[in-house]
Every structure is written in structure tokens, then in C-alpha cells.
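A.B. asks: Structure provided below as C-alpha cells; questions to follow.
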Amino acid sequence: MATSSKAKKTVRIASGRKRVRQDVKLNAANTALRSKFRTVIKNVQKAVLAGDKAKATEVFQAAQSVIDSVADKGLFHKNKAARHKSRLSAKVKALAAA
């Protein structure tokens, strides 16, 4: 999105060319992780909306590890990960109480 609209300059220095190659790989990895993060959050929210307590709990357990791994890799701040886990946990607990 934002990177495709920027004007690309040809890099002549070898270290700069290497940096460009590394950035492409990192961007692809980060995009995949960000997508996985969003997907697990959506899965928990769908299970909560469906009212399925067992599935919501199961999916939430799986989502916690994904959210933690994304935070550990530095893609998101640890507080953002904690906030998402807390809000999802509250939704699952509210479903269990209802």
C-alpha cells in the first residue's frame, strides 16, 4: 500500500542493495504475521458472536500464543498485545457468564 506509492530509487552501493533485498524479505514476513494476528482475533470474535463458549475458549487459547509471538518478534508493542488479549479474554468470560 504505502510502499508501492513511493518512488523507488536505484541503489548503487552494495550494502544498500543488500538492505533493499533484506527489506523485501522482512516486509513479506511482517505482512504474513500481521495477517495471522488479525485472523486469530477475528476467529475469536466470530466464536463469541456465535455464542459457542467451548469453541471461543479453544480459539482464544490458540490466539494467545499467536499474539504473544507477534509481540515477541517486535511487530507490535507488548502493551498492544496485552490489550488485545485482555479485551478478547473479557469477551470470552462474558460469554461464559451469560
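A.B. asks: Suppose we filter S69, S89 for residues that are among the small types (G, A, S), surrounded by 11 or more Cβ atoms within 10 Å (Cβ to Cβ) and closer than 25 Å to L26 by Cβ; which single one remains?
C.D. replies: S69
A.B. asks: Here's another thing I want to ask about it. From the list K9, K25, K80, K55, exactly one residue is open to solvent by 60 Å² or more (accessible area, probe 1.4 Å) and not in a helix (DSSP H, G or I). Which is it?
C.D. replies: K9
The values are calculated or read from the model by the stated rules, or taken from the named source; none is laboratory data. Since this is a predicted model, take the numbers as computed values, not measurements. So basically every Cβ, Gly included, is an ideal-geometry build from the backbone, and we count neighbours across all protein chains shown. For the accessible areas, the whole protein counts, side chains as well, though only heavy atoms, and no ligand, DNA or RNA atoms are used. Shrake-Rupley method; radii C 1.70, N 1.55, O 1.52, S 1.80 Å.
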